[in-house]
1. Specify which of the listed residues (S37, S22) is surrounded by fewer than 18 Cβ atoms within 10 Å (Cβ to Cβ), farther than 29 Å from G187 by Cβ and within 20 Å of the chain's Cα centre (by Cα).
2. For the range 183-201, which positions are over 20 Å from H36 (Cβ atoms) and touching a residue at least 24 places away in the same chain (Cβ under 8 Å)?
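Here, each number is a calculation from the coordinates, and none is a lab measurement. As the structure is a computational prediction, the values presented were derived from the model and not from experiment. Here the Cβ positions follow ideal geometry from the backbone for every residue, glycine too, while neighbour counts run over all protein chains shown.
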Amino acid sequence: MIRFERVSKRYPNGNQALSELSFELADGEFCFLTGHSGAGKSTLLRLVMMLERASRGTVEVAGRDLGRTHDRMAPRVRQGIGMIFQDHKLLNDKTVFDNVALPLLIAGFRYADIGKKVRAALKKVGLADQEQAWPLSLSGGEQQRVGVARAIVGMPPLLLADEPTGNLDPELSWELFGLFRELNQRGMTVLIASHDLHLVRRMGERVLVLSDGRLVDDLVPAAS
Ligand SMILES: Nc1ncnc2c1ncn2[C@@H]1O[C@H](COP(=O)(O)OP(=O)(O)OP(=O)(O)O)[C@@H](O)[C@H]1O
């Protein structure tokens with residue numbers, strides 16, 4: 001699903017965010033990305049989303065070489081990816097339903113087809129009864145789950161999350177990771193950037209460890 005081969009990223013101001021990074025994430029895998037602040041986690045995810053371009057090396061997503069992909073194809077690439085942010089980026093002047101419907105409207109789905117998909121996504125995250133609620137009337141954990149519903153409403157094959165538990169207490173964080181595992185068990189490939197090492201270890205999944213833009217460890221869970 002994702003292949004990085006000797007990828008380096010240097011920002012225009014000279015910051016070297018990634019250096020000679022190589023790894024592969026197969027279809028259906030569940031993987032964490034950890035490392036200190038500034039290690040390059042967000043940059044890696046931004047390269048996968050085509051929000052940035054690699055300075056050197058090859059980035060492949062779903063068989064597509066992003067270095068050879070024109071900017072105008074970026075929306076198509078992003079349609080295959082669900083993205084979850086730390087601050088969930090919900091629109092507070094829109095209902096839960098409308099927030100979750102947004103990616104489908106942008107993708108050009110007919111309004112008649114949208115309701116079913118939005119309700120299915122809200123059901124998956126356990127918020128079926130909140131579709132008419134306003135984001136600010138929900139708890140932090142519920143808001144984050146709306147963000148997950150919005151990311152998965154188009155059933156993308158790949159789910160990326162950047163510090164999704166940053167604003168959640170340990171119990172809600174654990175629940176959210178459980179939800180990601182469920183989505184993975186239904187076939188989604190999942191890559192989560194997190195510096196919550198305690199929770200990451202507890203999940204017992206594959207962990208890529210970045211330090212100063214380099215891959216310093218690739219921990220594969222022991223077979224159970
Ligand atoms: N737009 C940018 N322009 C210049 N430098 C940047 C930019 N974005 C990130 N960097 C630099 O690239 C390096 C990697 O940053 P990145 O945000 O990818 O790390 P991170 O591991 O996600 O950190 P954090 O956990 O703090 O979000 C850092 O040195 C950072 O200052």
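1. Selected residue: S37, the only one of S37, S22 that is surrounded by fewer than 18 Cβ atoms within 10 Å (Cβ to Cβ), farther than 29 Å from G187 by Cβ and within 20 Å of the chain's Cα centre (by Cα).
2. Matches in the range 183-201: L183, N184, G187, M188, T189, V190.
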